[in-house]
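Okay, so here's the structure we're looking at.
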Amino acid sequence: MKKLIILFFFLLALKPNNAYAVPLDISLSPALITIKTDGKDESTPKIYIQNKTTHNVSYDISLVPFQPSTLKNGEPILQDSIDKDYNDLFQNIIIIDDNSPVTKVDLAPQQKKVIKLALDLPTTLKKRDYYFSVIFTSSAENKIENSTATNINQALGVNILLSYGQQGQIQGEIKEFSASSFVNKGPVSFKIDLKNNSNNFVTASGNILIKNMFGQAVGNFDLKPTNVLANSQRIIENSVWNEKFLLGLYSAKVEISLSPSGPILTKQINFFAFPLEYIVFLIIIVSFIYYVRLRLKKKQTEN
Amino acid sequence: MGLIKVGLVFFLFLSAFDQKTNAQTPMEGGFYKIEPSASDLPEVERAINSSVVKSYGSYSFNISESQIDFGKIVPTNPLTRKNTIKTNSSTKYFLKAYENHQLLSPKSGVIPDATCDSGTCSEQTSSIWKSILAYGFGFHCKNTEGNCGQEFLTPDSYIQFADKSKNEPYNYFLSDVTGKNQLEITYKLNISSKQKPGSYSNNLTLLFLPSY
């Protein structure tokens, strides 16, 4: 009997130790919100956040300004400090969860919530563009006694492009539109470096039209709509013409509109295509035929 | 015999109860469904009188373990721990990492970030780390779906975490990517016999930032 009781408690002791290392699993939408407002109305964009784990989670909410990356790739570079304008802005942004202002969001297992950003922008706030991220950061785990550990915080951002006040004149230029001047086959990648000279962000859209040496349109594809922040540059991605077989001189013309009402920027380049592999193959065949003929002639002469 | 059965049932009951708080969430269909449906085009455009609000994209971000526990550490006995990171997004994104400071014990000081076998690895440069006489804390990234970056092409290459207290530039786990990515991170720790005994800890932040 005693042995059985001891065995029972022994088995109990073997029960796996509670681990503090829980998973973190979040779905979030949207990734980007653009707002153009003159502030006369309260804008309340929504953020949907879902906890996909089986335990409660809690995320602190912070607002952090960002600037565009110098790599022109659309990466937001979070700033360590905020200036007076952003300070004034953030004081007029309230984050609302279930009709209550909050600085953190608690989520039950599998719970999905709608977080609202209430923007009540006063007329005294400087009228300009503001770019910031709403960052949701998980709380660190409890410290484990007599153990060395790294606690992992999960941080998720939603980018906000806010244009406050009347839109100024939209101006821009195509700093670079280029491709390889000689290609032997497709696809052909184009590089488009677009500069926004306006004081407001723009959403650029456009297309590239390709013509052959006879002036016939042989390719036409749309560019991915791309946000370019005020007074900054951005490379427009996925500008690829997927045609495989190319031969001769081609012209490519890019047309980009910085807004539904323009302006429209254009630029044209030329490139030459020559399928080298086919030419090399052709040369080998011709050389072989010539060699065979030569040999036959020589034989005839000997006979 | 009857008592044994009761004991086992009780034990199993307790274990099942604990697993509710400890179990990892199983994957559904292999990966995560993004809700609402993913698209690069504006999902919602609302004109609120003179305001225009547009929303784009959605994403998911999973970390398999939120705490890396090395337990009680012993000199010249390198320890490794792993976790998995899964991401999925309809728009381009960046996944960056940094530590708030080196592993720290208020009574015993710090465990410095690793410099690897050659003494050359940093938060920007990776290097091989195999020797048990090379000390510190670092990580290796292995992409099971995606690309960790050039620094981790060799299995034993390690890199330091960016130390925010020293204003070091972020580590990029993923840069300029879209769609699904899955990474396995190996955390490695080794201390010398001169390291004071103690419980060391720090916080590591994994920051998911979509592009704009």
When the convex hull of the C-alpha atoms of segment A:52-182 is computed, what volume per residue in Å³ does it have? 222 Å³
Out of A:Tyr278, A:Tyr131, A:Tyr290, any idea which swings most in a Gaussian network model of chain A, alpha carbons joined below 10 Å? A:Tyr290
What are the residues whose amide H is under 5 Å from the amide H of B:Cys148, where those residues sit 5 or more places off or on another chain and H is modelled from the backbone? B:Asn143
Once every DSSP H run of n ≥ 4 in chain A is given -39500 (n - 2.57) and the sum is divided by its residues, what mean residue ellipticity at 222 nm do you get, rounded to the nearest 500 deg cm²/dmol? -5000 deg cm²/dmol
Charge-dipole axis of segment A:146-303 as Lys and Arg at +1 and Asp and Glu at -1 on Cβ define it, positive-most pick from A:Ile192, A:Tyr250, A:Val202: A:Tyr250
Quick one: which residues, 5+ away or cross-chain, put their amide H under 5 Å from the amide H of B:Lys92? H built at 1.01 Å from N. B:Ser211
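Counting other beta carbons within 10 Å of each Cβ, put A:Lys253, B:Lys130 in order, fewest first. Kindly include the intermediate steps, with their values, before the conclusion.
Values: A:Lys253 16, B:Lys130 10.
Going from least to most buried by this count: B:Lys130, A:Lys253.
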Hey, with R₀ at 25 Å, roughly what FRET efficiency would B:Val52 and B:Thr84 work out to, going by the Cβ-Cβ distance, to 0.05? 0.05
Expressed in nanometres to one decimal, the distance between label points 7 Å along Cα→Cβ at A:Glu277 and A:Ser139 is 6.0 nm
Can you flag which of A:Lys253/B:Lys180; A:Lys185/A:Lys253; B:Lys72/B:Lys180; B:Lys96/B:Lys164; A:Lys36/A:Lys116 are past 24 Å Cα-Cα? A:Lys253/B:Lys180; B:Lys72/B:Lys180
Relative contact order as a percentage, chain A, C-alpha pairs under 8 Å and 6+ apart, gives 15 percent
Taking 0.36 nm per residue of sequence separation and subtracting the Cα-Cα distance, how much length would be gained by fully extending the chain between A:Ala108 and A:Ile289, in nm to one decimal? 57.3 nm
Label segment B:101-160 by shape, choosing from rounded, prolate and oblate, from the square roots a ≥ b ≥ c of the eigenvalues of the Cα gyration tensor; if a/c is under 1.5 it is rounded, and otherwise prolate applies when a/b is larger than b/c, oblate when it is not. prolate
Compute the helix-to-body angle for A:2-13: its Cα long axis versus the longest principal axis of chain A, expressed 0 to 90° and rounded to tens. 50 degrees
How large is ³J(HN,Hα), in whole Hz, for each residue of segment B:135-142 in order, when computed from phi with the Karplus curve 6.51 cos²θ - 1.76 cosθ + 1.60 and θ = phi - 60°, using x for Gly and Pro? 10, x, 10, x, 9, 10, 10, 10
Choice from A:Asn242, A:Asn199, A:Asn227 with maximal GNM fluctuation in chain A (Cα, 10 Å cutoff): A:Asn242
For chain A, how big is the tail of P(r) above 34 Å, as a whole percent of Cα pairs? 51 percent
Return the single residue from A:Thr150, A:Thr123, A:Thr266 with maximal mean-square fluctuation; model: Gaussian network over chain A, springs between Cα atoms under 10 Å. A:Thr150
Place a point 7 Å from Cα of B:Gln182 in the direction of its Cβ. Which residues in segment B:80-124 have their backbone N less than 14 Å from it? B:83-88
Full-stretch length increase - A:Met213, A:Lys298 - with 0.36 nm per residue and alpha-carbon distance subtracted: 26.2 nm
Step through the residues of segment A:166-174 one at a time and calculate ³J(HN,Hα) from phi using the Karplus curve (6.51 cos²θ - 1.76 cosθ + 1.60, θ = phi - 60°), rounding each to whole Hz and writing x for Gly and Pro. 5, 5, x, 5, 8, 9, x, 8, 8
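Between A:Thr124 and A:Thr266, take the C-beta separation as r, use R0 = 51 Å, and let me know the FRET efficiency to the nearest 0.05.
Plugging the Cβ-Cβ distance into 1/(1 + (r/R0)^6) gives 0.80.
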Dipole size in debye (nearest 20) for chain A around its Cα centre, Lys and Arg Cβ +1, Asp and Glu Cβ -1? 1580 debye
Which value, in debye to the nearest 20, gives the size of the charge dipole of segment B:61-101 about its Cα centre, when Lys and Arg are +1 and Asp and Glu are -1 at the Cβ? 140 debye
Convex hull (Cα only) mean projected area of segment B:98-212, reported in nm² to one decimal: 7.8 nm²
Cβ density ranking, 10 Å radius, fewest first, applied to A:Ser69, B:Ser199, B:Ser89 yields A:Ser69, B:Ser199, B:Ser89
Using bins 5 angstrom wide from zero, how does P(r) for segment A:214-303 break down, in % of all Cα pairs? 2, 9, 13, 15, 11, 9, 8, 6, 5, 5, 4, 4, 3, 2, 2, 1, 0
Check A:Val183: other-chain or 5+ apart residues with amide H under 5 Å from its amide H, H built from backbone geometry? A:Phe272, A:Ala273, A:Phe274
Pairing the Cα long axis of helix A:276-302 with the longest principal axis of chain A, what angle in degrees results, from 0 to 90 and rounded to the nearest 10? 30 degrees
What is the fewest-to-most order of B:Thr186, B:Thr87 by other Cβ atoms lying within 10 Å of their Cβ? B:Thr186, B:Thr87
Under the Karplus curve 6.51 cos²θ - 1.76 cosθ + 1.60, θ = phi - 60°, whole-Hz ³J(HN,Hα) for segment B:117-134, x wherever Gly or Pro sits: 4, 8, x, 10, 6, 9, 7, 10, 10, 9, 7, 6, 9, 10, 5, 7, 9, 9
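The numbers here are math on the coordinates, done by the rules we state, and not lab data. Quick caveat, the model's predicted, so the values are computed rather than measured. No Cβ is skipped: glycine too gets one built from the backbone with ideal geometry, and neighbour counts run over all protein chains shown.
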